[in-house]
Amino acid sequence: MNDRQAHKRVIQGKVVSVAGNKSVVILVERKVVHPKYRKIVKRFKRYIIHDEYNKSKIGDIVSAVECPPISKHKAFKLKDIVLVGVSE
């Protein structure tokens with residue numbers, strides 16, 4: 001048998017709030033080209049991710065991996081913390 005896993009999306013973003021026990025909200029920024037004006041613009045999306053051990057804090061840069069749905073809004077699990085305590 002072949003032990004291949006299905007391709008899972010990995011997202012990286014900044015923790016903007018703690019949404020209860022074992023949940024954090026991250027803000028993911030991506031840059032796209034505007035279809036009409038051909039200018040690079042930023043697009044933002046917030047994801048609620050599952051943080052099993054409550055390791056991440058507000059301001060951390062984290063990466064998360066796609067998983068089967070945990071609840072209505074949670075479909076990503078915390079993979080690792082990339083940077084600790086980034087502030088602007």
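The values are calculated or read from the model by the stated rules, or taken from the named source; none is laboratory data. Everything numeric in this text was worked out from a predicted model, so none of it was measured. When we count neighbours, we look across all protein chains shown, and the Cβ atoms used for this are built from the backbone with ideal geometry, even at glycine. Quick note on the areas: whole protein, heavy atoms, side chains included, nothing else; ligands and nucleic acids left out. Shrake-Rupley method; radii C 1.70, N 1.55, O 1.52, S 1.80 Å.
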Any pair with Cβ under 8 angstrom, 6 or more apart, that starts in the stretch 54-74 at a residue that is under 18 Å from residue 13 (Cβ atoms) and ends at one that is of a type in the set (Ser, Thr, Tyr) = 58/17; 59/87; 62/56; 64/47; 74/23
request  = Consider residue 82 carefully, then state whether it is β-branched (Val, Ile, Thr) and modelled with pLDDT under 95.
outcome  = yes
Residues that are open to solvent by less than 90 Å² (accessible area, probe 1.4 Å) and in a loop (DSSP other than H, G, I, E, B), drawn from the stretch 21-80 = 22, 34, 51, 52, 54, 56, 59, 60, 67, 70, 71
